[in-house]
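Colleague: Would you mind keeping the following structure in view while I ask a few things?
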Amino acid sequence: MEKNSASLFGKSVVALKNFSAEEIRLVLNTARKMKQIVRRGGEKKLPNLRGKSIVNLFYEPSTRTRTSFELAGKYLGADVVSINSGTSSIVKGESLRDTLRTIEAMGVDAIVMRHKAEGAAEFATQVVKPIIINAGDGAHAHPSQALLDLFTIEQRKGRLAGLKVAIVGDILHSRVARSDVYAMTKMGMEVHLAGPKTLLPRFFEFDGVKVHESIEHAIQGADVINVLRIQLERQQAGLFPSTREYARVFGINDNRLRLAKDDVLILHPGPQNKGLEISSEATYCERSAIQEQVQNGVSVRMALLDLTLNGGNS
(Lines give C-alpha, C1' and ligand atoms only; values in the text may rest on other atoms or scores of the structure.)
Protein backbone atom coordinates (compact mmCIF):
# COMPACT_ATOMS: atom_id res chain seq x y z
CA MET A 1 0.00 0.00 0.00
CA GLU A 2 1.41 3.37 -1.01
CA LYS A 3 2.46 5.87 1.61
CA ASN A 4 0.26 8.91 2.11
CA SER A 5 1.20 11.96 4.16
CA ALA A 6 -2.37 13.34 4.20
CA SER A 7 -4.29 13.44 7.46
CA LEU A 8 -7.92 13.97 8.47
CA PHE A 9 -7.28 13.85 12.20
CA GLY A 10 -9.40 16.40 14.06
CA LYS A 11 -11.08 17.61 10.87
CA SER A 12 -14.77 17.80 10.04
CA VAL A 13 -16.01 16.24 6.79
CA VAL A 14 -18.42 18.69 5.18
CA ALA A 15 -17.88 18.41 1.42
CA LEU A 16 -15.44 16.72 -0.95
CA LYS A 17 -14.89 20.05 -2.66
CA ASN A 18 -12.49 20.69 0.21
CA PHE A 19 -10.70 17.33 -0.09
CA SER A 20 -7.44 16.76 -1.93
CA ALA A 21 -6.83 13.68 -4.06
CA GLU A 22 -4.40 12.52 -1.36
CA GLU A 23 -7.08 12.75 1.32
CA ILE A 24 -9.52 10.79 -0.84
CA ARG A 25 -6.84 8.16 -1.41
CA LEU A 26 -6.24 7.96 2.35
CA VAL A 27 -9.93 7.19 2.96
CA LEU A 28 -10.02 4.53 0.24
CA ASN A 29 -6.87 2.83 1.51
CA THR A 30 -8.18 2.82 5.09
CA ALA A 31 -11.56 1.49 3.92
CA ARG A 32 -9.78 -1.50 2.39
CA LYS A 33 -8.53 -2.50 5.83
CA MET A 34 -11.91 -1.84 7.40
CA LYS A 35 -13.67 -4.05 4.87
CA GLN A 36 -11.69 -7.03 6.15
CA ILE A 37 -13.22 -6.38 9.58
CA VAL A 38 -16.77 -6.02 8.22
CA ARG A 39 -16.54 -9.25 6.24
CA ARG A 40 -14.95 -11.47 8.84
CA GLY A 41 -17.08 -13.82 10.91
CA GLY A 42 -17.40 -13.59 14.66
CA GLU A 43 -16.07 -10.61 16.61
CA LYS A 44 -16.05 -7.39 14.59
CA LYS A 45 -15.16 -4.93 17.34
CA LEU A 46 -11.95 -2.91 17.16
CA PRO A 47 -10.60 -0.82 20.05
CA ASN A 48 -9.74 2.18 17.84
CA LEU A 49 -12.47 4.49 19.17
CA ARG A 50 -12.92 3.04 22.63
CA GLY A 51 -13.93 5.86 24.96
CA LYS A 52 -15.18 8.06 22.10
CA SER A 53 -18.83 9.07 21.81
CA ILE A 54 -20.70 9.73 18.55
CA VAL A 55 -24.20 11.11 18.04
CA ASN A 56 -26.10 10.50 14.81
CA LEU A 57 -28.43 13.48 14.33
CA PHE A 58 -30.81 12.90 11.41
CA TYR A 59 -33.42 15.46 10.45
CA GLU A 60 -34.41 13.42 7.37
CA PRO A 61 -35.32 9.74 6.93
CA SER A 62 -32.46 7.35 6.22
CA THR A 63 -31.89 3.61 6.24
CA ARG A 64 -28.50 2.97 4.62
CA THR A 65 -26.54 6.02 5.75
CA ARG A 66 -27.81 6.15 9.31
CA THR A 67 -27.50 2.42 9.95
CA SER A 68 -24.05 2.14 8.40
CA PHE A 69 -22.70 5.09 10.40
CA GLU A 70 -24.14 3.55 13.56
CA LEU A 71 -22.56 0.17 12.82
CA ALA A 72 -19.30 1.83 11.79
CA GLY A 73 -18.98 3.58 15.13
CA LYS A 74 -19.86 0.43 17.08
CA TYR A 75 -17.46 -1.77 15.10
CA LEU A 76 -14.70 0.70 16.06
CA GLY A 77 -15.60 0.49 19.74
CA ALA A 78 -17.27 3.90 20.13
CA ASP A 79 -20.42 4.64 22.09
CA VAL A 80 -23.07 5.62 19.53
CA VAL A 81 -26.42 7.32 20.11
CA SER A 82 -28.91 8.05 17.33
CA ILE A 83 -31.37 10.93 17.56
CA ASN A 84 -34.49 10.96 15.40
CA SER A 85 -35.94 14.41 14.82
CA GLY A 86 -39.47 13.01 15.23
CA THR A 87 -38.85 11.83 18.80
CA SER A 88 -36.70 14.64 20.18
CA SER A 89 -37.09 18.26 21.30
CA ILE A 90 -36.81 19.22 17.63
CA VAL A 91 -40.57 18.57 17.31
CA LYS A 92 -41.09 21.15 20.07
CA GLY A 93 -39.41 23.80 17.96
CA GLU A 94 -35.85 23.62 19.26
CA SER A 95 -33.46 25.32 16.84
CA LEU A 96 -30.57 23.54 15.13
CA ARG A 97 -28.10 25.70 17.06
CA ASP A 98 -29.66 24.80 20.42
CA THR A 99 -29.84 21.10 19.55
CA LEU A 100 -26.17 21.08 18.55
CA ARG A 101 -25.12 22.92 21.69
CA THR A 102 -27.15 20.56 23.86
CA ILE A 103 -25.38 17.58 22.30
CA GLU A 104 -22.00 19.29 22.68
CA ALA A 105 -22.67 19.89 26.38
CA MET A 106 -22.96 16.14 26.88
CA GLY A 107 -19.30 15.73 25.94
CA VAL A 108 -19.59 14.02 22.54
CA ASP A 109 -16.60 13.73 20.22
CA ALA A 110 -18.39 13.70 16.87
CA ILE A 111 -21.81 14.47 15.38
CA VAL A 112 -22.93 12.72 12.20
CA MET A 113 -25.62 14.97 10.80
CA ARG A 114 -28.21 14.90 8.01
CA HIS A 115 -30.32 18.00 7.42
CA LYS A 116 -32.64 19.26 4.70
CA ALA A 117 -30.98 22.69 4.57
CA GLU A 118 -27.94 23.21 2.36
CA GLY A 119 -25.06 24.48 4.44
CA ALA A 120 -26.33 22.97 7.70
CA ALA A 121 -23.17 20.91 8.24
CA GLU A 122 -20.92 23.92 7.65
CA PHE A 123 -23.06 25.90 10.09
CA ALA A 124 -22.61 23.16 12.68
CA THR A 125 -18.81 23.41 12.44
CA GLN A 126 -19.09 27.10 13.31
CA VAL A 127 -21.25 26.76 16.43
CA VAL A 128 -19.90 23.63 18.18
CA LYS A 129 -16.51 22.00 18.71
CA PRO A 130 -17.13 18.26 18.07
CA ILE A 131 -16.13 16.88 14.67
CA ILE A 132 -19.02 17.15 12.19
CA ILE A 133 -19.53 14.46 9.56
CA ASN A 134 -21.98 15.55 6.89
CA ALA A 135 -24.41 12.72 6.12
CA GLY A 136 -26.23 14.86 3.54
CA ASP A 137 -27.35 18.49 3.56
CA GLY A 138 -30.11 19.40 1.15
CA ALA A 139 -28.93 19.20 -2.47
CA HIS A 140 -25.43 20.32 -1.48
CA ALA A 141 -23.21 17.40 -0.49
CA HIS A 142 -23.10 13.76 0.60
CA PRO A 143 -19.37 13.07 0.96
CA SER A 144 -19.50 9.57 2.43
CA GLN A 145 -21.77 8.36 -0.40
CA ALA A 146 -19.35 9.62 -3.04
CA LEU A 147 -16.42 8.00 -1.23
CA LEU A 148 -18.20 4.65 -1.07
CA ASP A 149 -19.02 4.99 -4.77
CA LEU A 150 -15.32 5.43 -5.54
CA PHE A 151 -14.40 2.57 -3.25
CA THR A 152 -16.92 0.25 -4.92
CA ILE A 153 -15.68 1.18 -8.39
CA GLU A 154 -12.05 0.61 -7.46
CA GLN A 155 -12.85 -2.71 -5.80
CA ARG A 156 -14.53 -3.95 -8.99
CA LYS A 157 -12.42 -2.24 -11.65
CA GLY A 158 -9.04 -2.15 -9.95
CA ARG A 159 -8.51 1.51 -10.77
CA LEU A 160 -10.19 4.90 -11.00
CA ALA A 161 -8.14 7.11 -13.32
CA GLY A 162 -9.24 7.03 -16.94
CA LEU A 163 -12.63 5.38 -16.37
CA LYS A 164 -15.68 6.88 -18.05
CA VAL A 165 -18.57 7.40 -15.61
CA ALA A 166 -22.11 8.37 -16.61
CA ILE A 167 -24.26 9.87 -13.84
CA VAL A 168 -27.88 9.88 -14.96
CA GLY A 169 -31.16 11.21 -13.58
CA ASP A 170 -32.06 14.13 -11.35
CA ILE A 171 -28.74 15.99 -11.32
CA LEU A 172 -30.34 19.28 -10.27
CA HIS A 173 -31.49 18.12 -6.83
CA SER A 174 -28.81 15.50 -6.18
CA ARG A 175 -26.23 15.96 -3.41
CA VAL A 176 -24.82 12.59 -4.50
CA ALA A 177 -24.13 13.86 -8.02
CA ARG A 178 -22.32 16.95 -6.77
CA SER A 179 -20.12 14.99 -4.37
CA ASP A 180 -19.45 12.31 -6.99
CA VAL A 181 -18.33 14.89 -9.54
CA TYR A 182 -15.89 16.54 -7.13
CA ALA A 183 -14.43 13.20 -6.06
CA MET A 184 -14.31 11.54 -9.46
CA THR A 185 -12.70 14.42 -11.32
CA LYS A 186 -10.05 14.73 -8.60
CA MET A 187 -9.24 11.04 -9.08
CA GLY A 188 -8.80 11.40 -12.85
CA MET A 189 -12.12 9.99 -14.01
CA GLU A 190 -14.06 11.16 -17.06
CA VAL A 191 -17.54 12.24 -15.94
CA HIS A 192 -20.65 12.58 -18.11
CA LEU A 193 -24.04 13.75 -16.83
CA ALA A 194 -27.42 13.14 -18.41
CA GLY A 195 -31.03 13.84 -17.56
CA PRO A 196 -34.09 15.81 -18.65
CA LYS A 197 -33.26 19.44 -19.33
CA THR A 198 -35.45 20.45 -16.38
CA LEU A 199 -33.33 18.28 -14.07
CA LEU A 200 -29.95 19.61 -15.16
CA PRO A 201 -28.39 22.65 -13.44
CA ARG A 202 -28.90 25.84 -15.42
CA PHE A 203 -25.44 27.12 -14.52
CA PHE A 204 -23.00 24.27 -14.13
CA GLU A 205 -20.15 24.81 -11.69
CA PHE A 206 -17.79 22.01 -12.70
CA ASP A 207 -15.07 22.26 -15.32
CA GLY A 208 -14.24 19.34 -17.57
CA VAL A 209 -17.57 17.54 -17.09
CA LYS A 210 -19.70 16.80 -20.13
CA VAL A 211 -23.46 17.35 -19.86
CA HIS A 212 -25.92 15.58 -22.17
CA GLU A 213 -29.66 15.80 -22.68
CA SER A 214 -29.49 12.41 -24.41
CA ILE A 215 -28.81 9.49 -22.09
CA GLU A 216 -27.57 7.42 -25.03
CA HIS A 217 -24.70 9.86 -25.63
CA ALA A 218 -23.73 9.81 -21.96
CA ILE A 219 -23.59 6.04 -21.50
CA GLN A 220 -21.96 5.20 -24.85
CA GLY A 221 -18.82 3.24 -23.95
CA ALA A 222 -19.21 3.93 -20.22
CA ASP A 223 -17.27 1.89 -17.66
CA VAL A 224 -19.65 2.90 -14.86
CA ILE A 225 -23.26 4.10 -14.76
CA ASN A 226 -24.46 5.71 -11.56
CA VAL A 227 -28.27 5.88 -11.61
CA LEU A 228 -29.75 8.58 -9.38
CA ARG A 229 -33.08 8.20 -7.62
CA ILE A 230 -35.91 10.17 -9.15
CA GLN A 231 -37.32 12.17 -6.27
CA LEU A 232 -41.02 11.54 -6.81
CA GLU A 233 -41.89 14.14 -4.19
CA ARG A 234 -40.66 16.75 -6.68
CA GLN A 235 -42.82 15.44 -9.54
CA GLN A 236 -45.59 17.79 -8.39
CA ALA A 237 -43.47 20.57 -9.85
CA GLY A 238 -44.00 19.09 -13.32
CA LEU A 239 -40.29 18.64 -14.05
CA PHE A 240 -41.04 15.87 -16.56
CA PRO A 241 -44.31 14.84 -18.23
CA SER A 242 -44.89 11.56 -16.39
CA THR A 243 -43.06 8.70 -14.72
CA ARG A 244 -43.89 6.50 -17.67
CA GLU A 245 -42.35 9.00 -20.08
CA TYR A 246 -39.23 9.33 -17.90
CA ALA A 247 -38.74 5.55 -17.82
CA ARG A 248 -39.11 5.41 -21.61
CA VAL A 249 -36.63 8.20 -22.37
CA PHE A 250 -34.13 8.01 -19.50
CA GLY A 251 -34.61 4.71 -17.64
CA ILE A 252 -31.66 2.31 -17.44
CA ASN A 253 -32.65 -1.07 -18.88
CA ASP A 254 -31.09 -3.96 -20.79
CA ASN A 255 -31.40 -2.22 -24.15
CA ARG A 256 -29.57 0.90 -23.00
CA LEU A 257 -26.90 -1.10 -21.21
CA ARG A 258 -25.84 -2.50 -24.58
CA LEU A 259 -24.46 0.96 -25.41
CA ALA A 260 -22.04 0.81 -22.49
CA LYS A 261 -19.02 -1.47 -22.18
CA ASP A 262 -19.76 -5.16 -21.75
CA ASP A 263 -18.46 -5.07 -18.17
CA VAL A 264 -20.15 -1.80 -17.22
CA LEU A 265 -20.64 -1.38 -13.48
CA ILE A 266 -24.10 -0.24 -12.31
CA LEU A 267 -24.43 1.86 -9.16
CA HIS A 268 -27.43 3.39 -7.38
CA PRO A 269 -27.38 5.25 -4.04
CA GLY A 270 -30.81 3.89 -3.07
CA PRO A 271 -33.63 3.63 -2.43
CA GLN A 272 -34.62 2.67 -5.96
CA ASN A 273 -37.77 3.29 -7.94
CA LYS A 274 -37.67 0.08 -9.95
CA GLY A 275 -39.29 0.40 -13.32
CA LEU A 276 -38.71 4.15 -13.29
CA GLU A 277 -35.04 5.17 -13.26
CA ILE A 278 -33.83 1.55 -13.39
CA SER A 279 -35.36 -1.78 -14.37
CA SER A 280 -35.44 -4.80 -12.07
CA GLU A 281 -33.29 -6.69 -14.58
CA ALA A 282 -30.57 -4.03 -14.40
CA THR A 283 -30.79 -3.89 -10.61
CA TYR A 284 -30.15 -7.59 -10.10
CA CYS A 285 -27.83 -8.41 -13.02
CA GLU A 286 -24.24 -9.53 -12.44
CA ARG A 287 -22.94 -6.09 -13.46
CA SER A 288 -24.83 -4.42 -10.63
CA ALA A 289 -22.85 -3.45 -7.51
CA ILE A 290 -25.79 -1.90 -5.66
CA GLN A 291 -25.67 -4.32 -2.73
CA GLU A 292 -21.88 -4.03 -2.60
CA GLN A 293 -22.32 -0.29 -2.18
CA VAL A 294 -24.32 -0.96 0.97
CA GLN A 295 -21.61 -3.20 2.41
CA ASN A 296 -18.86 -0.82 1.35
CA GLY A 297 -20.71 2.04 3.01
CA VAL A 298 -19.94 0.57 6.42
CA SER A 299 -16.23 0.20 5.55
CA VAL A 300 -15.91 3.74 4.21
CA ARG A 301 -17.74 5.27 7.17
CA MET A 302 -15.53 3.29 9.54
CA ALA A 303 -12.56 4.81 7.72
CA LEU A 304 -13.93 8.35 8.06
CA LEU A 305 -14.64 7.98 11.77
CA ASP A 306 -11.28 6.36 12.49
CA LEU A 307 -9.30 8.93 10.50
CA THR A 308 -11.04 11.99 11.95
CA LEU A 309 -11.26 10.81 15.57
CA ASN A 310 -8.18 8.60 15.85
CA GLY A 311 -5.89 9.62 13.01
CA GLY A 312 -6.09 6.09 11.62
CA ASN A 313 -3.87 4.75 14.40
CA SER A 314 -4.47 1.11 15.28
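The values are calculated or read from the model by the stated rules, or taken from the named source; none is laboratory data. None of these values were measured; they are calculated from a predicted model. Because the Cβ atoms are built from the backbone with ideal geometry, glycine has one as well, and the counts that use them run over all protein chains shown. Just so you know, the surface numbers come from the protein's heavy atoms only, side chains and all, with ligands and any DNA or RNA stripped out. Shrake-Rupley method; radii C 1.70, N 1.55, O 1.52, S 1.80 Å.
Colleague: What FRET efficiency, computed as 1/(1 + (r/R0)^6) with R0 = 30 Å and r the Cβ-Cβ distance, is obtained for Thr67 and Asp262, rounded to the nearest 0.05? Before the final figure, lay out the partial values.
Modeller: Working: r = 34 Å, r/R0 = 1.13.
Plugging the Cβ-Cβ distance into 1/(1 + (r/R0)^6) gives 0.30.
Colleague: Based on Cβ point charges of +1 for Lys and Arg and -1 for Asp and Glu, what charge dipole magnitude is obtained for region 143-293 about its Cα centre, in debye rounded to the nearest 20?
Modeller: Rounded to the nearest 20 debye, it is 180 debye.
Colleague: Once you put a point 7 Å from the Cα of Val211 and another 7 Å from the Cα of Arg97, both along the Cβ direction, what distance in nm separates them?
Modeller: Using points 7 Å along Cα→Cβ, the separation is 3.6 nm.
Colleague: Go through Met189, His212, Leu147 and say which Cα lies farthest out towards the positive end of the charge dipole of region 143-293; charges sit on Cβ, +1 for Lys and Arg, -1 for Asp and Glu.
Modeller: Of the candidates, His212 comes out farthest on the positive side.
Colleague: Which FRET efficiency, nearest 0.05, do Lys45 and Val81 yield, Cβ-Cβ r, R0 22 Å?
Modeller: Calculated transfer efficiency: 0.80.
Colleague: With every protein chain kept in place and ligands, DNA and RNA left out, what is the accessible area per residue of region 143-293? Probe 1.4 Å, answer in Å².
Modeller: 43 Å²
Colleague: May I ask you to compute the full-extension gain from Lys116 to Arg244, defined as 0.36 nm times their residue separation minus their alpha-carbon distance, rounded to one decimal in nm?
Modeller: 43.3 nm
Colleague: If you don't mind, another one. Set Lys and Arg Cβ to +1 and Asp and Glu Cβ to -1, take the dipole of region 143-293 about its Cα centre, and tell me which of Gly221, Thr283, Asn273 lies farthest positive.
Modeller: Asn273
Colleague: Still on this structure: Roughly to the nearest percent, how much of the accessible area of the chain is carbon and sulfur, given a 1.4 Å probe? Let's see the in-between values first.
Modeller: Values: 6610 of 14050 Å².
Answer for the chain: carbon and sulfur cover 47 percent of the accessible area.
Colleague: When ligands, DNA and RNA are left out and all protein chains stay put, how many square angstrom of accessible area per residue does region 1-115 have with a 1.4 Å probe?
Modeller: About 52 Å² of surface per residue is accessible.
Colleague: Follow-up. Could you give the dipole magnitude of the chain about its Cα centre, charging the beta-carbon of Lys and Arg +1 and that of Asp and Glu -1, in debye to the nearest 20?
Modeller: The calculated dipole for the chain is roughly 540 debye.
Colleague: Can you tell me what share of the DSSP beta bridges in the chain is antiparallel? A percent to the nearest 5 is fine.
Modeller: On the way: 1 of 36 bridges.
Looking only at bridges with both residues in the chain, the antiparallel portion is about 5 percent.
Colleague: Among Ile133, Ile111, Ile24, which one moves the most in a GNM of the chain with springs linking Cα atoms closer than 10 Å?
Modeller: Ile24
Colleague: Another question about this same structure. Please give the FRET efficiency for Gln126 paired with Asn313, using the beta carbon to beta carbon distance and R0 = 35 Å, rounded to the nearest 0.05.
Modeller: Efficiency computed from Cβ-Cβ geometry: 0.80.
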